[in-house]
């Protein structure tokens with residue numbers, strides 16, 4: 001039997017590969033070692049992918065799907081393009097200014113550490129001086145940290161999208177997205193996470209309350225920032241026409257799939273916030289387990305309470321209960337035990353937190369389409385406070401510092417702490433309310449007086465897809481089929 005042309009090609013390629021391996025001294029039997037730097041960089045990149053995946057609704061893929069399922073069919077394209085733009089705008093403005101403000105050196109020669117924003121790292125090239133970037137591994141590895149934090153910045157921005165869905169001007173939303181990722185959110189990051197931030201637990205000295213704020217993965221930094229921004233935006237844009245009568249939602253299937261995608265992404269959001277895997281694998285596992293317990297508890301508790309209030313076992317309560325539990329555990333996930341995670345998820349559901357905030361918005365006439373403020377703002381606030389109540393000395397030492405004196409002082413109030421962490425948590429909550437609420441009010445007021453923030457009544461009735469994005473997501477045939485009454489043959 002002769003050798004075919006394909007066989008000749010395969011043999012030639014095999015010989016070429018063998019020659020290349022010989023040139024580079026590759027030994028098939030030689031063990032391949034992964035350096036700690038490579039492992040940690042991969043860990044951050046893995047987390048970035050999961051967090052970015054979240055944005056398909058909440059975090060992108062998850063956020064987008066959740067929002068699409070919550071709006072009318074005629075506004076589908078508008079939701080999708082806003083989520084795509086959030087990711088793109090976040091990448092550019094986080095590179096331009098955001099990362100430098102968040103993690104740049106703020107040691108001004110004349111004033112000392114301002115603790116508010118950084119002055120280096122703009123147009124980032126991997127040369128940040130922040131210890132959190134693992135710069136000792138070289139600026140190439142530090143870019144893994146940049147990517148991980150970019151995904152967080154995009155997540156904070158996307159939270160507002162659903163709150164103002166179906167009536168906010170697209171141009172106004174784009175302006176908002178630029179400002180929050182380039183300036184508003186980075187200041188919150190610097191305050192709470194950078195080694196020079198005023199309320200950061202990573203400061204080398206002069207920690208507020210002797211502890212700084214415990215906000216490990218961002219109940220306050222990310223979620224409360226986005227939630228407060230969503231509240232201001234929804235209030236200033238105003239409610240949709242006839243929203244209290246109950247507007248149709250496109251798909252509970254999309255909503256639920258979006259939430260489940262978010263749950264998956266949250267393991268990257270919380271678990272990979274260890275920032276390294278070498279030496280921290282056990283902590284990452286603990287973080288993912290507390291995240292699971294809180295989410296599951298939030299789901300069951302919120303659904304049960306919703307049944308008591310509305311006498312319906314509603315998927316909306318179950319979905320938002322999961323998110324409430326996830327947001328609430330994001331700050332305390334590494335420092336609490338499993339019982340603490342259970343209680344935190346349980347308390348996230350009742351009147352003082354998610355359910356109470358949701359009902360209060362309706363009472364106040366604020367149309368928040370996806371309950372962005374109740375889920376992210378109220379539960380984010382609870383998560384920051386909960387960390388200062390339920391943190392144990394044992395887990396605090398693993399997650400933050402191994403110093404026995406500091407761990408005993410900074411443990412939660414319910415576990416023998418001296419209250420320093422609680423004081424820092426309260427200050428951080430007040431700071432986010434003042435900073436984000438104030439800057440968002442100024443921004444939306446300025447846009448209202450210039451470009452406008454709300455679409456016209458005609459555009460709202462027509463739908464954003466037809467008025468701004470070239471038409472409906474459905475073809476005429478699909479539209480006709482979608483309008484056929486149930487039980488009728490087309």
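No lab work stands behind these numbers, since they all come straight from the coordinates. Keep in mind it's a predicted model, so treat the numbers as computed, not measured. Cβ sites come from the backbone with ideal geometry, for glycine too, and all protein chains shown count toward neighbours.
The table that follows gives values for the structure above.
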item	result
Difference of contour (0.36 nm per residue) and Cα-Cα distance, residue 430 to residue 458	6.1 nm
Ranking of 35, 205, 294 by count of other Cβ atoms within 10 Å, fewest first	205, 35, 294
Computed over region 257-316, Kirkwood Rh from alpha-carbon pairs, angstrom	13.1 Å
Spatial separation of Cα centroids for region 384-440 and region 268-337, in angstrom	19 Å
Scaled radius of gyration (Cα, divided by 2.2 N^0.38 Å) that region 324-439 gives	1.13
Fewest-first sequence of 401, 173, 354 by Cβ atoms within 10 Å of each Cβ	401, 173, 354
Exposure proxy ranking, count of Cβ atoms within 10 Å, fewest first, for 286, 376	286, 376
Protection proxy ranking of 418-429, 258-269 - average other beta-carbon atoms within 10 Å, highest first	258-269, 418-429
Relative packing of 184-191, 303-310, which averages over residues the other C-beta atoms within 10 Å, highest first	184-191, 303-310
Size-normalised alpha-carbon gyration radius of region 160-232, reference 2.2 N^0.38 Å	1.32
Ordering of 85-96, 161-172 by packing [mean C-beta count within 10 Å, highest first]	161-172, 85-96
